[in-house]
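Okay, structure first, notes after.
The values are calculated or read from the model by the stated rules, or taken from the named source; none is laboratory data. What you see is a predicted model; the values in this text were computed from it and never measured. Here the Cβ positions follow ideal geometry from the backbone for every residue, glycine too, while neighbour counts run over all protein chains shown.
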Amino acid sequence: MTHARRVISVTVLCALFGTPSFAQGRGGGMRAGDSFKDKVAEWRGNAEVAGKVTDEAGKGVPDAKVTFVFVKSSNGFFATTKKNGEFSAKDIKPGEWRVQVEAADFITVRQTLTVGEKKTPLSVQLKRDNSPELLTKADALFKEGKNADARAEYMKVLEAHPDLAGINRAIAYTYGKEGNHPEALKYLDLALAGNPNDTVLLQLAAASATTLNDFPRAMAYLARIDEASLDNPSVLADAAVNLINKRRTADGIALLDRVIARFPDAPDAYFYRGFAKAQASQNDAAKADLEKYLTLAPADSPQVAKAKEILAALK
């Protein structure tokens, strides 16, 4: 399988569990009354969280953003740490909260916190994020053809940022380059979970499935490609040729029907469909397609001689 390389941008996702409404705290602390002047927020109460954000050396991390979401109402607020990494969240309800802590050059941390009736302590340690450097190294290794080494670096990035579907794509490429199609499909499916309509991913997954002779799976991937969105016939036409070469004539013809419906003036699609129909002993339909091909294709096209040869054999 040939996997086209795409650039991956490492971006730490900042959204937390949907789209709650947020209010901003001031000066390292947050009081409910500071943010809501006109109505009582569902998360307001008499409890408090006192916390500190540190790095791996135990040093306080300043200007870290600590987001709180009250589980019952799916809304909340965020506070910012002081120079020493400390923060507080006051006048909040006891119960289950979701907390996200993020800071520049650190890996984002998400966790659940049970807030008690009074003051609840919270200590969060952040790890330095070296993913950009790892990604640069991985890309360089991939370009050098060192697929296993590149994959090891991509895995490190994925461990730090499991939400980045693009890393699954990159890992799949390394397996594809090695001809390890079962593993390539595993990571292509993971990438597709976040990008279900990605034409390139679907095309590559179909190619791997075809190589493994898993034709129903290949056709299922191809069925998800919207031909109306394609700007050239090669995506489906190439997949059809792969299937025809595997003697999956009916599947190849079905794909070429889609190609021709979308690109009625694409000569090669008629040639391959005519070839497939000749394989299936559909002689009259094969003749019609091959004759159509000859009317559309330039005289110096590489398949012209073959089309004439097949037509002569069919007469």
**Request:** Pick out, from the stretch 78-126, the strands (runs of 3 or more DSSP E) lying fully within it that include 3 or more residues that are surrounded by fewer than 18 Cβ atoms within 10 Å (Cβ to Cβ).
**Result:** 109-115, 119-125
**Request:** Only residues that are closer than 28 Å to D198 by Cβ and aromatic (F, W, Y): list them for the stretch 260-286, please.
**Result:** F263, Y272
**Request:** May I ask you to verify whether G176 is over 24 Å from N245 (Cα atoms) and modelled with pLDDT under 95?
**Result:** no
**Asked** Among the residues of the stretch 185-210, which ones are of a type in the set (S, T, Y) and surrounded by 18 or more Cβ atoms within 10 Å (Cβ to Cβ)?
**Response** Y187, S208, T210
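Show me the helices (runs of 4 or more DSSP H) entirely contained within the stretch 222-283 in which 3 or more residues are more than 17 Å from L294 (Cβ to Cβ).
Details: elements: 234-245, 249-262, 267-279.
Those helices (runs of 4 or more DSSP H) span 234-245, 249-262.
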**Request:** Look at D257 and say whether it is under 30 Å from N195 (Cβ atoms), under 39 Å from the mean Cα position of the chain (by Cα) and assigned by TED's automatic domain parsing to the domain that holds T174.
**Result:** yes
**Message:** Out of the residues in the stretch 40-62 meeting the condition of being in a loop (DSSP other than H, G, I, E, B), closer than 16 Å to I107 by Cβ and in contact with a strand residue (DSSP E or B) (Cβ under 8 Å, 6 or more places away or on another chain), tell me which one is modelled with the highest pLDDT.
**Reply:** V61
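Condition test on P182, is it under 21 Å from the mean Cα position of the chain (by Cα) and surrounded by fewer than 13 Cβ atoms within 10 Å (Cβ to Cβ)? Before you say what the answer is, go through the steps one by one.
Working: under 21 Å from the mean Cα position of the chain (by Cα): yes; surrounded by fewer than 13 Cβ atoms within 10 Å (Cβ to Cβ): yes.
Criteria met by P182.
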